[in-house]
1. To the nearest 20 Debye, how big is the dipole of region 39-132 about its Cα centre, given +1 on the beta carbon of each Lys and Arg and -1 on that of each Asp and Glu?
2. Name the lysines eligible as straight-distance cross-link partners of Lys152: C-alpha to C-alpha under 29 Å, and not fewer than 8 places from it in the same chain.
3. Under a cut-off of 28 Å between alpha-carbon atoms, report the lysines in cross-link reach of Lys280, not counting same-chain residues fewer than 8 places apart.
4. Could you rank Thr278, Thr146, Thr243 by how accessible they are, 1.4 Å probe, largest area first?
5. For the chain, what does the helix formula give at 222 nm: sum of -39500 (n - 2.57) over DSSP H segments with n ≥ 4, over the residue count, nearest 500 deg cm²/dmol?
6. On the full set of protein chains, 1.4 Å probe, figure out the accessible area of Phe215 and give it in Å² to the nearest 10.
7. Helix 2-20 versus the longest principal axis of the chain: what angle, 0 to 90°, nearest 10, using Cα atoms?
8. Heavy atoms only, probe 1.4 angstrom, no DNA, RNA or ligands counted: give me Thr283, Thr258 ranked by accessible area, highest first.
Amino acid sequence: MKIWVMLCSVVCFWATAQKSVDHYEGFGVNKKYGLVDNLSGVAIIAPQYDRILFDFNQYVALKKGDVVDFYSKETSEKLSFKSTYQSEVIFKNEVHYYYQDDRFGYLIPSNVANRVQLPKIYDFVNTIQNLVIGFKNNAFDVYEDTNVTTPKVASIKASQYHFYPRTISNKLENVYVFYGLGTVYVYNETFVKLKEYKSKVNNENDVMTLLKKDFPRAETKEMYAMGITGPPDWKYHYSNGVTKVSKYSNSQHYFYLTQKCEAQSVPGSEYWVEIQLTEKGETYQFRVDFEQQHFYLPQEYVQSLGLKFEN
């Protein structure tokens, strides 16, 4: 009985240890990116992608040209989407990114499995409060975030839009204005059409002049935020053939390699590091897990760089 209990304990411990390290992860060599199996230490995709994207926490997102391949960190299952090169949008209080395949558009959050499918492909998609606005073929479709299958208002013929606050009965609300193709359409927050004008105005200043009498803009206080740049994420020191690389924010987080190098942060990820070998000029980008004492890098590179957590 005791032997059985001990055996179960060992198996459970092994299973827990296996789960503590992501099975698959991205890595970079000389500015090209691939995928490593962390349980075997073997690269299952050699470095061939142009970029790695850090916006997704359960998938490795690797980009080549305008195609982004998403690989599950658990199974290596691949999903492919076309990048639209537009900035992030906020959907239901969470950051999403707009991608496409051959049939549909998608709003993809950090958890790729929770992606939102739109009924068709748009040239670009924006979100404002609880609205999703898609543009294609000189027309806008407007959806509510509770129903992205059927537009609340479809095919508003315009090339541009903007919104601004106005006061009605002492209440501040937004007015949505679509224009640029000979007609100006004005909607309230629930997208009831308030008015339309026959006008060829095609810039915001002319639109505001046109609407000034019927829809005066409310005065609001504008707020500005100032970012503060902190110290670099990594520091390094070379001595006696060994470079020690450590986190600025935690002196207990460090590792060594038997190469003279420089170390710097990889934008977008706190625990990724870029190592540039001083003499060879080679660069390596990879994630470091200090809790599990693991380098997310194929074993051949771990050995050639002499990477270790203890000197």
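The values are calculated or read from the model by the stated rules, or taken from the named source; none is laboratory data. The shown structure was predicted, so the numbers you read here are calculated from the model rather than taken from an experiment. Reconstructed Cβ throughout: ideal geometry from the backbone, glycine too, with neighbour counts over all protein chains shown. Just the protein is used for accessible areas: all its heavy atoms, side chains included, with ligands, DNA and RNA removed. Shrake-Rupley method; radii C 1.70, N 1.55, O 1.52, S 1.80 Å.
1. The dipole magnitude comes to about 60 debye.
2. Reachable lysines: Lys82, Lys92, Lys120, Lys136, Lys171, Lys193, Lys195, Lys198, Lys200, Lys212, Lys213.
3. Lys31, Lys32, Lys63, Lys64, Lys235, Lys244, Lys247, Lys260, Lys308
4. Reading off the accessible areas and sorting them downward yields Thr146, Thr278, Thr243.
5. Theoretical 222 nm ellipticity from helices: -3500 deg cm²/dmol.
6. 20 Å²
7. So the helix axis and the longest Cα principal axis differ by about 50 degrees.
8. Heavy-atom accessible area, descending, gives Thr258, Thr283.
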